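Shown next, in C-alpha coordinates, is the structure this report addresses.
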Amino acid sequence: MKRILVGVDGSKESRDAAAWAANLAQAMGSQLVVASIADAPVSFAAPELMERAAQWHEEAVKQATLVATQIANEVARGGRAAETIVEKGAPAETLAALAAAGDVDLVVVGHRGRNAVARALMGSVADRLVQICSKPVLVVR
(Lines give C-alpha, C1' and ligand atoms only; values in the text may rest on other atoms or scores of the structure.)
Protein backbone atom coordinates (compact mmCIF):
# COMPACT_ATOMS: atom_id res chain seq x y z
CA MET A 1 0.00 0.00 0.00
CA LYS A 2 1.42 3.35 -1.04
CA ARG A 3 -1.31 5.76 0.08
CA ILE A 4 -4.06 5.49 2.68
CA LEU A 5 -6.87 8.06 2.65
CA VAL A 6 -8.70 8.65 5.93
CA GLY A 7 -11.85 10.74 6.08
CA VAL A 8 -12.25 12.82 9.23
CA ASP A 9 -14.94 15.10 10.64
CA GLY A 10 -13.60 15.80 14.11
CA SER A 11 -15.73 13.18 15.86
CA LYS A 12 -14.23 10.65 18.26
CA GLU A 13 -14.96 7.93 15.72
CA SER A 14 -13.09 9.72 12.94
CA ARG A 15 -10.14 10.35 15.29
CA ASP A 16 -10.09 6.63 16.11
CA ALA A 17 -10.15 5.82 12.39
CA ALA A 18 -7.28 8.27 11.77
CA ALA A 19 -5.21 6.69 14.55
CA TRP A 20 -5.88 3.23 13.13
CA ALA A 21 -4.95 4.41 9.62
CA ALA A 22 -1.77 6.07 10.93
CA ASN A 23 -0.68 2.85 12.64
CA LEU A 24 -1.33 0.90 9.44
CA ALA A 25 0.51 3.51 7.34
CA GLN A 26 3.52 3.35 9.64
CA ALA A 27 3.58 -0.46 9.58
CA MET A 28 3.26 -0.55 5.78
CA GLY A 29 5.50 2.42 5.03
CA SER A 30 2.53 4.16 3.39
CA GLN A 31 1.73 7.84 2.94
CA LEU A 32 -1.24 8.93 5.05
CA VAL A 33 -3.70 11.41 3.56
CA VAL A 34 -6.15 13.05 5.97
CA ALA A 35 -9.24 14.40 4.20
CA SER A 36 -11.95 16.57 5.68
CA ILE A 37 -15.03 17.41 3.64
CA ALA A 38 -16.87 20.71 4.11
CA ASP A 39 -20.50 19.73 3.78
CA ALA A 40 -22.52 22.94 3.82
CA PRO A 41 -26.15 23.22 2.72
CA VAL A 42 -26.95 24.69 -0.66
CA SER A 43 -29.55 27.44 -0.85
CA PHE A 44 -31.57 28.19 -3.99
CA ALA A 45 -33.66 31.01 -2.62
CA ALA A 46 -33.65 34.74 -2.16
CA PRO A 47 -30.37 36.62 -2.77
CA GLU A 48 -29.93 37.41 0.92
CA LEU A 49 -30.13 33.68 1.68
CA MET A 50 -27.62 32.95 -1.06
CA GLU A 51 -25.21 35.36 0.63
CA ARG A 52 -25.73 33.56 3.94
CA ALA A 53 -25.17 30.20 2.24
CA ALA A 54 -21.81 31.50 0.95
CA GLN A 55 -20.89 32.41 4.53
CA TRP A 56 -21.89 28.91 5.71
CA HIS A 57 -19.67 27.39 3.02
CA GLU A 58 -16.77 29.60 4.07
CA GLU A 59 -17.21 28.62 7.74
CA ALA A 60 -17.53 24.94 6.80
CA VAL A 61 -14.25 25.10 4.85
CA LYS A 62 -12.49 26.83 7.78
CA GLN A 63 -13.75 24.18 10.19
CA ALA A 64 -12.81 21.33 7.85
CA THR A 65 -9.31 22.79 7.43
CA LEU A 66 -8.89 23.06 11.20
CA VAL A 67 -10.08 19.48 11.73
CA ALA A 68 -7.82 18.05 9.02
CA THR A 69 -4.76 19.91 10.32
CA GLN A 70 -5.37 19.00 13.98
CA ILE A 71 -5.91 15.32 13.26
CA ALA A 72 -2.97 15.13 10.84
CA ASN A 73 -0.75 16.58 13.56
CA GLU A 74 -2.16 14.16 16.17
CA VAL A 75 -1.47 11.05 14.09
CA ALA A 76 1.91 11.99 12.57
CA ARG A 77 4.25 9.05 13.22
CA GLY A 78 7.99 8.58 12.99
CA GLY A 79 8.69 12.04 11.59
CA ARG A 80 6.36 11.42 8.65
CA ALA A 81 3.82 14.18 8.25
CA ALA A 82 0.39 13.33 6.95
CA GLU A 83 -0.88 15.13 3.86
CA THR A 84 -4.14 17.04 4.32
CA ILE A 85 -6.93 17.62 1.83
CA VAL A 86 -10.00 19.80 2.29
CA GLU A 87 -12.81 19.63 -0.25
CA LYS A 88 -16.41 20.83 -0.50
CA GLY A 89 -19.26 18.46 -1.19
CA ALA A 90 -21.20 15.49 0.06
CA PRO A 91 -18.76 13.53 2.27
CA ALA A 92 -19.18 9.99 0.91
CA GLU A 93 -19.26 11.03 -2.72
CA THR A 94 -16.31 13.40 -2.33
CA LEU A 95 -14.19 10.81 -0.51
CA ALA A 96 -14.99 8.24 -3.21
CA ALA A 97 -13.98 10.73 -5.92
CA LEU A 98 -10.73 11.56 -4.09
CA ALA A 99 -9.94 7.86 -3.81
CA ALA A 100 -10.67 7.24 -7.48
CA ALA A 101 -8.71 10.26 -8.71
CA GLY A 102 -5.69 9.77 -6.47
CA ASP A 103 -3.21 6.96 -6.15
CA VAL A 104 -5.07 5.63 -3.09
CA ASP A 105 -4.98 1.98 -2.08
CA LEU A 106 -7.33 2.08 0.91
CA VAL A 107 -9.96 4.44 2.33
CA VAL A 108 -10.51 4.46 6.10
CA VAL A 109 -13.49 6.05 7.87
CA GLY A 110 -15.05 5.86 11.30
CA HIS A 111 -18.59 4.73 12.05
CA ARG A 112 -20.73 6.23 14.78
CA GLY A 113 -22.65 3.05 15.44
CA ARG A 114 -26.10 4.56 14.98
CA ASN A 115 -29.03 2.21 14.91
CA ALA A 116 -30.84 1.35 11.69
CA VAL A 117 -33.53 4.00 12.16
CA ALA A 118 -31.01 6.81 12.71
CA ARG A 119 -28.97 5.67 9.69
CA ALA A 120 -32.12 5.59 7.55
CA LEU A 121 -33.17 9.08 8.63
CA MET A 122 -29.80 10.84 8.73
CA GLY A 123 -27.73 8.63 6.47
CA SER A 124 -24.32 7.17 7.11
CA VAL A 125 -21.20 8.35 5.33
CA ALA A 126 -19.52 5.01 6.00
CA ASP A 127 -22.45 2.98 4.64
CA ARG A 128 -22.70 5.12 1.51
CA LEU A 129 -18.94 5.10 0.94
CA VAL A 130 -18.81 1.32 1.08
CA GLN A 131 -21.53 1.22 -1.59
CA ILE A 132 -19.98 3.67 -4.07
CA CYS A 133 -16.20 3.65 -3.60
CA SER A 134 -14.12 1.92 -6.26
CA LYS A 135 -11.29 1.35 -3.76
CA PRO A 136 -11.30 -0.88 -0.65
CA VAL A 137 -12.95 0.79 2.35
CA LEU A 138 -12.14 -0.02 5.96
CA VAL A 139 -14.76 1.08 8.50
CA VAL A 140 -13.41 1.52 12.02
CA ARG A 141 -15.91 1.26 14.89
* To do: Give me the accessible area per residue for the chain, probe 1.4 Å, as a whole number in Å².
  => 55 Å²
* **DSSP bridge pairs, the chain: antiparallel proportion in percent, nearest 5** => 5 percent
* To do: Please pull out the direction-averaged projected area of the range 52-114, using the convex hull of its alpha-carbon atoms, in nm² to one decimal place.
  => 5.9 nm²
* Asked: ³J(HN,Hα) across the range 25-35 via Karplus (A = 6.51, B = -1.76, C = 1.60, θ = phi - 60°), whole Hz, x for Gly/Pro?
  -> 4, 5, 5, 9, x, 9, 7, 9, 10, 9, 10
* Structure fact -> Counting only residues 5 or more apart in sequence or on a different chain, those whose built amide H sits under 5 Å from that of Ile85 are Val34, Ala35, Ser36
* Tell me which lysines have Cα within less than 25 Å of Lys135's Cα, excluding those fewer than 8 residues away on the same chain? -> Lys2, Lys12, Lys88
* Asked: What do you get for Rg/Rh of the chain when both radii come from the Cα atoms and Rh is the Kirkwood radius?
  -> 1.00
* In nanometres, what is the gap between the two model label sites at Ala46 and Lys2, each 7 Å from Cα along Cα-to-Cβ? -> 5.3 nm
* Segment Gln63-Glu83, length gained on full extension (0.36 nm per residue, minus Cα span) -> 5.5 nm
* Asked: Roughly how many percent of the accessible protein surface of the chain is carbon and sulfur, given a 1.4 Å probe and a whole-percent answer?
  -> 55 percent
* Structure fact -> Counting sequence-distant residues (5 or more places) and residues on other chains, those with an amide H built under 5 Å from that of Arg112 are none
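The values are calculated or read from the model by the stated rules, or taken from the named source; none is laboratory data. Being a predicted model, the structure only gives us computed values, none of them experimental. Glycine also receives a Cβ, built like all others from the backbone with ideal geometry; neighbour counts cover every protein chain displayed. Each accessible area value is taken on the protein alone, full model and side chains, heavy atoms only, with ligands, DNA and RNA left out. Shrake-Rupley method; radii C 1.70, N 1.55, O 1.52, S 1.80 Å.
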